[in-house]
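Since every read-out is calculated from the coordinates, none of them should be taken as a lab result. Computed from a prediction, not measured in an experiment: that's the story for all the values here. Virtual Cβ from ideal backbone geometry, glycine too; neighbours counted across all protein chains shown.
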Amino acid sequence: MKAILAPSSLIRLPRHKVSSLRSPSLLIQSRRPSSALMTTKTASRGSVAVTAAATSSVEALREGIAEFYNETSGLWEEIWGDHMHHGFYDPDSSVQLSDSGHREAQIRMIEESLRFAGVTEEEKKIKRVVDVGCGIGGSSRYIASKFGAECIGITLSPVQAKRANDLAAAQSLSHKVSFQVADALEQPFEDGIFDLVWSMESGEHMPDKAKFVKELVRVAAPGGRIIIVTWCHRNLSQGEEALQPWEQNLLDRICKTFYLPAWCSTSDYVDLLQSLSLQDIKCADWSENVAPFWPAVIRTALTWKGLVSLLRSGMKSIKGALTMPLMIEGYKKGVIKFGIITCQKPL
Ligand code: SAH
């Protein structure tokens with residue numbers, strides 16, 4: 001039985017209070033409003049006007065993300081398994097790790113994230129978890145098993161949601177975890193019901209970071225933990241208004257292939273959380289810990305099996321593979337940062 005995982009009590013019927021989600025002046029504005037993938041917004045003292053053009057570009061982004069993951073998730077699973085996120089490595093570790101070494105590094109990413117946020121194994125309070133941007137549910141199944149918690153995952157991709165549910169059934173976890181297609185910016189859940197709100201590498205896809213964060217906070221239970229692990233750009237220096245043009249250009253090229261809107265920094269996330277009076281706000285830069293990841297992904301893509309699977313998977317996967325070196329360049333040049341940001345919702 002799926003019991004608590006999709007009960008009507010958790011699913012909110014009316015569209016939730018969009019007005020209460022109006023972004024404050026801390027809205028992360030597109031640094032490059034001309035991009036079709038970015039939301040063009042006009043911010044003025046706590047209110048935001050989203051133009052019709054912006055709305056349709058957000059819609060196009062949503063569709064692009066869904067299609068991207070519909071098309072590429074099978075390939076990723078075949079080669080890398082059910083975790084669609086970076087691994088966590090010791091900064092001095094060898095980049096020649098075996099396949100199983102990389103999978104362990106992906107599990108370690110989950111463990112390190114929980115530890116950083118102060119969520120320990122002894123934690124009895126973690127009963128309900130939402131996995132925002134769940135992929136094919138690797139984190140959900142792992143966390144549900146670890147804590148005996150009930151976990152519900154949301155993704156924009158119907159292919160991912162189905163595969164995630166099938167994997168849960170195959171692992172006899174359907175009574176604990178379930179997955180559905182839903183938008184992280186308008187989650188179909190009641191306020192204040194999740195002890196852990198988990199977003200592993202989905203924040204970079206969100207066109208309105210302020211709305212994203214508010215939604216995470218809204219669904220968190222009082223005292224609940226929020227963990228955001230995400231691709232960021234470097235923090236801007238004092239007085240700096242925007243990234244350098246060459247830096248923005250690099251990110252724009254990545255955005256096109258991976259269906260990403262404007263990026264923000266970890267400091268921007270911290271500012272947003274502070275503006276919402278959240279507690280125990282912490283962030284860290286784990287860029288060094290993820291450095292071996294993309295070179296390893298490229299190596300697997302260049303194997304015979306990798307190349308055949310890539311060709312079979314289609315254009316989006318091929319374009320994705322061709323963009324991977326830009327991720328490495330972005331990290332090396334310090335433009336891209338791998339950030340974790342956590343906080344607690346006040347009781
Ligand atoms: N967290 C997963 C998958 C990361 S891939 C893992 O670590 O394995 C990014 C995921 O974010 C995809 O599942 C994609 O569908 C989801 N996503 C992106 N934008 C979203 C949105 N607006 N609402 C819900 N899910 C979204």
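Among rounded, prolate and oblate, which fits region 168-268 when a ≥ b ≥ c are the square roots of the eigenvalues of its C-alpha gyration tensor, a/c under 1.5 means rounded, and a/b larger than b/c means prolate? Here region 168-268 falls in the prolate category.
Just add up the charged neighbours of Ile228: K/R +1, D/E -1, any other residue whose Cβ is under 15 Å from the Cβ of Ile228.
For residues surrounding Ile228, the net value is -2.
The amide H of Glu150, built 1.01 Å from its N in the peptide plane, has Arg128, Val129 as neighbours under 5 Å, considering only residues 5 or more places off or on other chains.
Order of Trp286, Trp304, Trp294 from fewest to most other C-beta atoms within 10 Å?
Trp304, Trp294, Trp286
In plain terms, the chain from Asp285 to Asp90 could stretch by 68.8 nm, reckoned as 0.36 nm per residue minus the Cα-Cα distance.
Multiply the residue gap between Lys319 and Arg253 by 0.36 nm, knock off their C-alpha separation, and tell me the result in nm, one decimal place. Extra length from Lys319 to Arg253 when fully extended: 22.7 nm. As a proxy for reagent exposure, Val213, Val335, Val129 were ordered by neighbouring Cβ count within 10 angstrom, fewest first; the result is Val335, Val129, Val213. Sequentially through region 270-281, phi angles give Karplus couplings (6.51, -1.76, 1.60; θ = phi - 60°) of 4, 4, 4, 5, 5, 5, 9, 6, 7, 10, 6, 6 Hz, Gly and Pro residues having no value and appearing as x.
Note on Lys333 and Leu347: their simple-model spin labels are 4.9 nm apart, each label 7 Å out from Cα toward Cβ. Around the amide H of Lys337, modelled in the peptide plane, lie the amide H atoms of Cys232, His233, Arg234, all under 5 Å away and 5 or more residues distant in sequence or on another chain. Couplings 3J(HN,Hα) of region 58-64, computed from phi: 5, 4, 5, 5, 4, 5, x Hz, in residue order, whole Hz [Karplus 6.51 cos²θ - 1.76 cosθ + 1.60, θ = phi - 60°; x for Gly and Pro]. In order along region 312-324, the Karplus-derived 3J(HN,Hα) couplings, from 6.51 cos²θ - 1.76 cosθ + 1.60 at θ = phi - 60°, round to 5, 6, x, 4, 5, 5, 5, 4, x, 5, 5, 8, 3 Hz, and Gly and Pro are given as x. Take the Cβ atoms of Ile298 and Ser277, set R0 to 56 Å, and the FRET efficiency comes out at 0.85. With the highest mean first, a sort of the peptides 75-82, 203-210 on other beta-carbon atoms found within 10 angstrom per residue produces 203-210, 75-82.
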